[in-house]
Structure formats: C-alpha cells, structure tokens
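Here it is, the structure, as structure tokens.
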C-alpha cells in the first residue's frame, strides 16, 4: 500500500518545527528517523495531513555526560548510541539493549528519541528509560519542561507529549555505587519485536539485593514496572528459591495480552525465566 496524501515540511530550527506543530495540531506528525512512522503511513494506520521532518534541526543529536548523568539527544541514531563508549560506561542497561533493536539497517536510520516517542509497548528503550528513572526533555509552544519516564508513557502508543511538543533529549541519572543493570528479551527471531523482555536496574551490595526496578515490555500497553515482585529482593541474596518466589509473584502481578506469538500463560512463564536469567548473574557480580 501507499500512504494517503500529505504535505511535507523540513524546518531548520526547533522554533519553526514547534510553530508548525502548533499551527496544524493533531493533523501534523513529527518525522525523525521514520523507521516506525513510514511503515504506519504505508499501511494507512496513520494519515497525517502534514509531516514535520526535524532531521535538519540543530542541537537535537549527540551524547554528553552532564553533572547529573548522561544526556542523549532525541535525534541521535541508534547506531551511534550502540557504538558510544559514554553510553557503555554511564548507562550499561541501554548499551545492552541496543543490539536487540531491529536490524543494523534500521539502527543506522532510526533515532533514540523516535523510539521513545513512538512508545511501542514491545520496544526496548521505553522499558530501559523507566528502569533507569530517566527524564524526558520536552520543548513546545508553552516552553520547555521535563517529564519523568514513569509519567511519560500513558498507554498504547500514547505519551505525555502534547500536539505541539517535541521530545528533545533523554536525561539518564548517574548510576550510584552498587547499582547494576541487566537486559534480556525473547523474540521469535533476532530483530523481531520481543514477545516479552526485561530491563532490570538493581542495587547489589555484599551479594544482597537492595532497592531495584524490574520493568517488563511486551506484556501491556506500556512498560510494566513490577513493584511487588521487585520488593521480594530487598535484603535477600540470590538463590533458586528466591527466583521461584519472584516467578510466582509475577504470575499474579503481570496481566499480559495475548497475540499470535504467545498467550498470557506463556508470557507469565517467560517472565519468570527472564528474572532468573537476569538477576542471578547480577547478584554474582555484586
């Protein structure tokens, strides 16, 4: 199929891009890398009257260490994030997730912020953002603001972005001593969307767990923070028995959807498998 007719604009400043979005409202869509949007256009799942291409807007790409952690510009290509030593050193969870995102050809064009803003519930980066407690830097007609990842993802392909707002960067807090990250997903084939995945960010000291976040993707309309199951880690050292308790708790806490890839029971089972495969090595490393 071919997309429905649309107008196209390529502003060269953030102010002009926001102005176009403000003028056209819900009839406009932002075009970043286009790896997800173009597919929805071709299938006519999306039919905006105007595409606002932000590829020439200066200052939206790049990776830098800040006083509070790491800042990744929204227009930074996946391939650049994947290859970044700054990301590996300051956000190892994101570094672990990058090779799982689609295929090299997609990562060469797709953007970090595009994946976050598209908010596919089976995508890796939204779950990583929630696990790390990242903040979303947003610019709009009303000025700039920052939204915590927990409040940014609202539902299926739905975020806190207003119709005249653009995600400009993702700010990842610095990682404290003793905090460790793990990432794993199950997919039918390498590069496919995950049937289920886990982004974990936990505190480990002296072989015992402290605070932590277990965020699952591919199980709901947005990244799912398993609060009750993560609470079972507090003060515990890793054991098969602990893994079994968390796996049982996840069966109650998660309410996964069903599709052609897996039913709810299978996703609940795989959640327990992911926890055991991710948390065991993290405990050993602590």
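Taking residue 106, is it in contact (Cβ under 8 Å) with a residue 24 or more places away in the chain and in contact with a strand residue (DSSP E or B) (Cβ under 9 Å, 6 or more places away or on another chain)? Spell out how you get there, then give the answer.
Working: in contact (Cβ under 8 Å) with a residue 24 or more places away in the chain: yes; in contact with a strand residue (DSSP E or B) (Cβ under 9 Å, 6 or more places away or on another chain): no.
The answer is no for residue 106.
In segment 123-143, what residues are assigned to a strand (DSSP E or B) and either under 8 Å from the mean Cα position of the chain (by Cα) or free of Cβ contacts under 8 Å to residues at least 24 places away in the same chain (or both)?
Within segment 123-143, 143 is the sole residue that qualifies.
Residues checked against (1) buried (at least 18 other Cβ atoms within 10 Å of the Cβ); (2) within 18 Å of residue 216 (Cβ to Cβ); (3) not assigned by TED's automatic domain parsing to the domain that holds residue 220:
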{"site": "123", "(1), (2), (3)": "yes, yes, yes"}
{"site": "130", "(1), (2), (3)": "yes, yes, yes"}
{"site": "135", "(1), (2), (3)": "yes, no, yes"}
{"site": "139", "(1), (2), (3)": "yes, no, yes"}
{"site": "143", "(1), (2), (3)": "no, no, yes"}
{"site": "148", "(1), (2), (3)": "no, no, yes"}
{"site": "152", "(1), (2), (3)": "yes, yes, yes"}
{"site": "156", "(1), (2), (3)": "no, yes, yes"}
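Would you say residue 29 is within 25 Å of the chain's Cα centre (by Cα) and exposed (fewer than 14 other Cβ atoms within 10 Å of the Cβ)?
Values: within 25 Å of the chain's Cα centre (by Cα): yes; exposed (fewer than 14 other Cβ atoms within 10 Å of the Cβ): no.
Answer is no for this residue.
Could you list all residues from segment 51-82 that are part of a strand (DSSP E or B) and closer than 18 Å to residue 38 by Cβ? Break it down into steps so the answer makes sense when it comes.
Initially, segment 51-82 is screened for residues part of a strand (DSSP E or B), giving 51-53, 63-65, 69-73, 77.
Residues satisfying the conditions are 51, 52, 53, 77.
Return the only residue of 83, 79 being farther than 19 Å from residue 161 by Cα and surrounded by 15 or more Cβ atoms within 10 Å (Cβ to Cβ). Don't jump to the end; show me each part of the working.
Numbers: 83 fails: surrounded by 15 or more Cβ atoms within 10 Å (Cβ to Cβ).
Of the residues listed, the single one that is farther than 19 Å from residue 161 by Cα and surrounded by 15 or more Cβ atoms within 10 Å (Cβ to Cβ) is 79.
Also: Select from segment 102-122 the residues that are closer than 18 Å to residue 200 by Cα and either at pLDDT 95 or above or in a helix (DSSP H, G or I) (or both) and list them in ascending order. Working first, answer last.
Let us first name the residues in segment 102-122 that are closer than 18 Å to residue 200 by Cα, namely 116, 121-122.
If the condition is that a residue be closer than 18 Å to residue 200 by Cα and either at pLDDT 95 or above or in a helix (DSSP H, G or I) (or both), then 116 is the only one that fits.
The values are calculated or read from the model by the stated rules, or taken from the named source; none is laboratory data. If you're wondering where the values come from, they're calculated on a predicted model, not measured in any experiment. Here Cβ is always computed from backbone atoms with ideal geometry, including for glycine, and neighbour counts include all displayed protein chains.
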